[in-house]
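**Student:** Quick one: the structure is below, questions incoming.
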Amino acid sequence: MSYDKAKQNRINHGLCAKCGDPTDRTVYCSMCTKICTEYNRQRRAKRRELDICCACDNKTENNRAYCQKCLQKIREYRTADKLKAPRGVCVTCRTEQCLPSLVDAKLYQRICKKCYLKKAACTQLGSVKYWKQLLRKLENQQFCCVYSGDKITLGVNDSIDHIYPKSKYPDRAIDPSNVQWVTRTVNWAKGCLDHDEFIALVRRIHDRF
Ligand SMILES: [Zn+2]
Ligand SMILES: [Zn+2]
Ligand SMILES: [Zn+2]
């Protein structure tokens, strides 16, 4: 039996494709997944250090993981993959409904509530694992901006504010207790101000007009 056939045979029988132990996962058991992940992590780190593409052996530019050619291929592959999602369905998970506000957005932005929150958690707090916490916060705020009280609609006017701004408090940049939902307008105005500075500014403006 060829290697690929043997591997497929194992998968079909609910066995790990690598070690052959029974598993309830799709391809590899949890132990083999862990070993593979760690191996890949080290391989990538080493290649990045040497400016070698992680997919081929070409040189990379600008400290990227892949060379220009591979990046182009990956992009094409991803686009083709996202185009498979029917209209109104999330292009990332392809199971949930796309946020109504994003149905007509650019291809890559047509995502569901969960994927949207995961993306926000990743960019604002450095990990997707905080997405549920972000949702709970938004629900606790009753989908209203902390400062203006305006209604917040995901994909339209939502923004995540760092109560203690990242620029002045880098140690609190990925602290989930340091964020709150505000409208984009409010966040632009607040910028790098902390809560007290922002309120003082708003008061000064209010008193003059
Ligand atoms: Zn295994
Ligand atoms: Zn490459
Ligand atoms: Zn999704």
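**Student:** Just to be sure before I move on: is Cys67 more than 16 Å from ligand 1 (Cβ to nearest atom), in contact with a Ser or Thr (Cβ under 8 Å, 6 or more places away or on another chain) and either over 30 Å from Asn157 (Cβ atoms) or of a type in the set (A, V, I, L, M, F, W, C) (or both) in the structure I sent?
**Tutor:** yes
**Student:** Kindly evaluate Cys93 against the criterion of being out of contact with any strand residue (DSSP E or B) (no Cβ under 7 Å at 6 or more places or on another chain), away from ligand 1 (no atom under 16 Å from the Cβ) and not assigned by TED's automatic domain parsing to the domain that holds Asn157.
**Tutor:** yes
**Student:** Which ones in segment 121-138 are assigned to a helix (DSSP H, G or I) and more than 15 Å from Val182 (Cβ to Cβ)?
**Tutor:** Ala121, Cys122, Thr123, Leu125, Val128, Lys129, Tyr130, Trp131, Lys132, Gln133, Leu135, Arg136
**Student:** What are the residues in segment 83-105 that are farther than 27 Å from Gln133 by Cα and surrounded by fewer than 17 Cβ atoms within 10 Å (Cβ to Cβ), if any?
**Tutor:** Once the filter is applied, which keeps residues that are farther than 27 Å from Gln133 by Cα and surrounded by fewer than 17 Cβ atoms within 10 Å (Cβ to Cβ), segment 83-105 yields Leu83, Lys84, Pro86, Arg87, Asp104.
**Student:** Right, next: Of all residues in segment 17-50, which are of a type in the set (Gly, Ala, Ser) and touching a helix residue (DSSP H, G or I) at 6+ places or on another chain (Cβ under 9 Å)?
**Tutor:** Ala17, Gly20
**Student:** Right, something else. Out of all the residues in segment 58-70, which are at pLDDT 90 or above and out of contact with any helix residue (DSSP H, G or I) (no Cβ under 9 Å at 6 or more places or on another chain)?
**Tutor:** Matches in segment 58-70: Lys59, Cys67, Gln68, Lys69, Cys70.
Conditions (1) away from ligand 3 (no atom under 16 Å from the Cβ); (2) loosely packed, with under 13 Cβ neighbours inside 10 Å; (3) acidic (Asp, Glu); (4) in contact (Cβ under 8 Å) with a residue 60 or more places away in the chain, marked per residue:
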residue: Thr37; (1), (2), (3), (4): yes, yes, no, no
residue: Asn40; (1), (2), (3), (4): yes, yes, no, no
residue: Asn62; (1), (2), (3), (4): yes, yes, no, no
residue: Tyr66; (1), (2), (3), (4): yes, no, no, no
residue: Gln109; (1), (2), (3), (4): no, no, no, no
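**Student:** Then there's this: Which residue, of Arg10, Arg25, Arg47, is within 16 Å of ligand 2 (Cβ to nearest atom) and among the charged types (D, E, K, R)?
**Tutor:** When all the criteria are applied, what remains is Arg47.
**Student:** Quick check: anything in segment 157-172 surrounded by fewer than 14 Cβ atoms within 10 Å (Cβ to Cβ) and either in contact with a helix residue (DSSP H, G or I) (Cβ under 6 Å, 6 or more places away or on another chain) or not assigned by TED's automatic domain parsing to the domain that holds Cys192 (or both)?
**Tutor:** Within segment 157-172, none of the residues are surrounded by fewer than 14 Cβ atoms within 10 Å (Cβ to Cβ) and either in contact with a helix residue (DSSP H, G or I) (Cβ under 6 Å, 6 or more places away or on another chain) or not assigned by TED's automatic domain parsing to the domain that holds Cys192 (or both).
**Student:** Moving on to the next point. Here are the criteria: (1) in a loop (DSSP other than H, G, I, E, B); (2) away from ligand 2 (no atom under 16 Å from the Cβ); (3) free of Cβ contacts under 8 Å to residues at least 12 places away in the same chain. Tell me which single one Cys93 does not satisfy.
**Tutor:** Exception for Cys93: condition (3).
**Student:** If the requirement is being without any contact (Cβ under 8 Å) to a residue 60 or more places away in the chain, outside the structural domain of Ile152 (by TED's automatic domain parsing) and assigned to a helix (DSSP H, G or I), which of these qualifies: Arg47, Arg25?
**Tutor:** Going through Arg47, Arg25 in turn, just one is without any contact (Cβ under 8 Å) to a residue 60 or more places away in the chain, outside the structural domain of Ile152 (by TED's automatic domain parsing) and assigned to a helix (DSSP H, G or I): Arg47.
Condition check ((1) modelled with pLDDT of 95 or more; (2) out of contact with any Gly (no Cβ under 7 Å at 6 or more places or on another chain); (3) not assigned by TED's automatic domain parsing to the domain that holds Thr183) across all residues:
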residue	(1), (2), (3)
Arg78	no, yes, yes
Gln109	yes, yes, yes
Arg136	yes, yes, no
Gln142	yes, yes, no
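**Student:** Ok, one more. Just a yes or no: is a residue in segment 165-182 on the phi < 0 side of the Ramachandran plot and within 16 Å of ligand 3 (Cβ to nearest atom)?
**Tutor:** no
The values are calculated or read from the model by the stated rules, or taken from the named source; none is laboratory data. What you are looking at is a predicted structure, and each value in this text was computed from that prediction instead of being measured. Note: ideal-geometry Cβ built from the backbone for every residue, glycine included; neighbour counts use all protein chains shown.
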